[in-house]
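S.K.: Pasting a structure below so you can have a look.
The values are calculated or read from the model by the stated rules, or taken from the named source; none is laboratory data. Everything numeric in this text was worked out from a predicted model, so none of it was measured. Neighbour counts are summed over all protein chains in view; Cβ atoms, including those assigned to glycine, are modelled from backbone coordinates with ideal geometry. When the accessible area is computed, the model is the full protein with side chains, heavy atoms only, and any ligands, DNA or RNA have been set aside. Shrake-Rupley method; radii C 1.70, N 1.55, O 1.52, S 1.80 Å.
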Amino acid sequence: MSNRSKKKAPLLYRCIKWLVWLFYPKMKVFGRENLPDGPAVIVGNHAKMNGPIACELYLPDNRYTWCAGQMMACKDVPAYAYADFWSQKPVLLRPFYKLLSYLIAVPSAYLFNCANTIAVYRDARILGTFRETLVKLQEGAQIVIFPEHNVKYNTIVYEFQDKFIELGKRYYKRTGEALPFVPMYIAPRLKAIYLGKPIMFSPEAPIEEERRRICHYLMQEITAIAKSLPEHTVIPYPNIPKRKYPTNRSEEESL
């Protein structure tokens with residue numbers, strides 16, 4: 001095992017995590033039977049910070065979450081946090097959020113480095129992300145990924161960036177085994193996490209075809225899970241006003 005996987009989280013982080021668990025709404029996990037016993041990639045909707053928080057608190061301990069590398073380096077947090085979280089805020093409020101982006105830099109970097117995370121980048125450093133992820137998978141860990149980006153798919157999820165499917169190809173090359181990808185729907189308003197049936201990577205198919213096939217399945221399955229549940233507010237990927245949040249019935253009502 002790697003040195004990082006052997007290290008125990010610092011006491012301060014464990015205290016903060018306990019406080020978050022104490023005050024954050026308690027969530028139930030449904031569909032645990034769909035989660036493989038061994039290596040897997042769990043793919044879900046981001047639901048703002050609810051996704052990472054819920055997974056850190058309620059998914060198995062032998063699990064690592066892909067995290068934007070910029071949120072793990074103090075100098076990079078302000079620009080990334082403002083652009084990703086608050087750039088669409090009303091003009092008059094933007095100076096406040098710019099200041100806030102600097103105030104959260106140190107605590108954000110500390111928390112994300114102490115949590116079970118793997119840094120993700122959009123440049124050549126992504127190769128390091130893949131290497132570390134494959135090591136964790138070979139150790140039997142599961143990887144959580146929130147791949148949405150700001151292109152709308154439907155009222156439940158935004159389209160998935162598909163480069164993470166490359167893990168299936170690289171894992172098969174190293175182990176000769178097919179990697180399962182598990183859909184996950186985070187429903188904060190229902191205080192629940194739902195795990196769907198996994199889809200297996202097919203090493204015989206072209207990688208571009210697998211990216212389309214697996215991402216389509218995951219987005220469709222997450223949507224189907226959400227639509228099957230009682231009516232509730234969906235926490236969307238983009239940072240829009242709460243009054244504009246859709247429900248899992250929004251599309252049906254608009255017909």
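Yes or no, residue by residue, for (1) farther than 29 Å from Pro36 by Cα; (2) polar (S, T, N, Q); (3) open to solvent by 80 Å² or more (accessible area, probe 1.4 Å); (4) part of a strand (DSSP E or B):
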{"site": "Ile186", "(1), (2), (3), (4)": "no, no, no, yes"}
{"site": "Glu210", "(1), (2), (3), (4)": "no, no, no, no"}
{"site": "Tyr217", "(1), (2), (3), (4)": "no, no, no, no"}
{"site": "Ile222", "(1), (2), (3), (4)": "no, no, no, no"}
{"site": "Ala226", "(1), (2), (3), (4)": "no, no, no, no"}
{"site": "Pro238", "(1), (2), (3), (4)": "yes, no, no, no"}
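S.K.: Just checking, does region 60-73 include any residue being closer than 23 Å to Arg189 by Cα and open to solvent by 20 Å² or more (accessible area, probe 1.4 Å)? It would help to see each step written out before you state the result.
M.R.: Restricting attention to region 60-73, the residues satisfying the condition of being closer than 23 Å to Arg189 by Cα are 60, 65.
The next check asks that each one be open to solvent by 20 Å² or more (accessible area, probe 1.4 Å); those that pass are 60.
The answer is yes; a qualifying residue exists.
S.K.: Go over the candidates Leu12, Leu35, Leu19 one by one and state the one that is at pLDDT 95 or above, buried (at least 17 other Cβ atoms within 10 Å of the Cβ), hydrophobic (A, V, I, L, M, F, W, C) and out of contact with any Pro (no Cβ under 6 Å at 6 or more places or on another chain). Talk me through it step by step, then tell me what you get.
M.R.: Numbers: Leu12 fails: buried (at least 17 other Cβ atoms within 10 Å of the Cβ); Leu19 fails: buried (at least 17 other Cβ atoms within 10 Å of the Cβ).
When all the criteria are applied, what remains is Leu35.
S.K.: While we're on this one: For region 107-114, indicate whether the set of residues that are closer than 28 Å to Gln220 by Cβ and either assigned to a helix (DSSP H, G or I) or not small (Gly, Ala, Ser) (or both) is non-empty. Lay out the reasoning, then the answer.
M.R.: Narrowing region 107-114 to residues closer than 28 Å to Gln220 by Cβ: none.
Checking region 107-114: not a single residue is closer than 28 Å to Gln220 by Cβ and either assigned to a helix (DSSP H, G or I) or not small (Gly, Ala, Ser) (or both).
S.K.: Taking Gly31 and the conditions (1) at positive phi; (2) out of contact with any Phe, Trp or Tyr (no Cβ under 9 Å at 6 or more places or on another chain), which numbered condition does it fall short on, given that it satisfies the others?
M.R.: (2)
S.K.: Report yes if some residue within region 149-161 is in contact with a strand residue (DSSP E or B) (Cβ under 9 Å, 6 or more places away or on another chain), assigned to a helix (DSSP H, G or I), hydroxyl-bearing (Ser, Thr, Tyr) and under 24 Å from Tyr58 (Cα atoms); otherwise report no. Before you say what the answer is, go through the steps one by one.
M.R.: So the first thing to find is which residues in region 149-161 are in contact with a strand residue (DSSP E or B) (Cβ under 9 Å, 6 or more places away or on another chain), and the list is 149-153, 155-161.
Subset that is assigned to a helix (DSSP H, G or I): none.
No; the residues of region 149-161 include none that is in contact with a strand residue (DSSP E or B) (Cβ under 9 Å, 6 or more places away or on another chain), assigned to a helix (DSSP H, G or I), hydroxyl-bearing (Ser, Thr, Tyr) and under 24 Å from Tyr58 (Cα atoms).
S.K.: Among the residues of region 75-90, write down those that are open to solvent by 100 Å² or more (accessible area, probe 1.4 Å) and at pLDDT 90 or above. Even if it seems obvious, please write down each step before you answer.
M.R.: Taking region 75-90 and keeping what is open to solvent by 100 Å² or more (accessible area, probe 1.4 Å), we get 75, 88.
Lys75, the sole residue that qualifies.
S.K.: So, one more: Is it the case that Glu231 is surrounded by fewer than 20 Cβ atoms within 10 Å (Cβ to Cβ), outside any helix (DSSP H, G or I) and acidic (Asp, Glu)?
M.R.: On the way: surrounded by fewer than 20 Cβ atoms within 10 Å (Cβ to Cβ): yes; outside any helix (DSSP H, G or I): yes; acidic (Asp, Glu): yes.
Yes.
S.K.: Can you pull out the residues in region 157-195 that are free of Cβ contacts under 8 Å to residues at least 24 places away in the same chain and among the polar types (S, T, N, Q)?
M.R.: Passing the criteria: only Gln161.
S.K.: Pick from region 85-106 the residues that are touching a residue at least 60 places away in the same chain (Cβ under 8 Å) and part of a helix (DSSP H, G or I): which of them is nearest to Ile165 (Cα to Cα)?
M.R.: Here the residue is Phe85.
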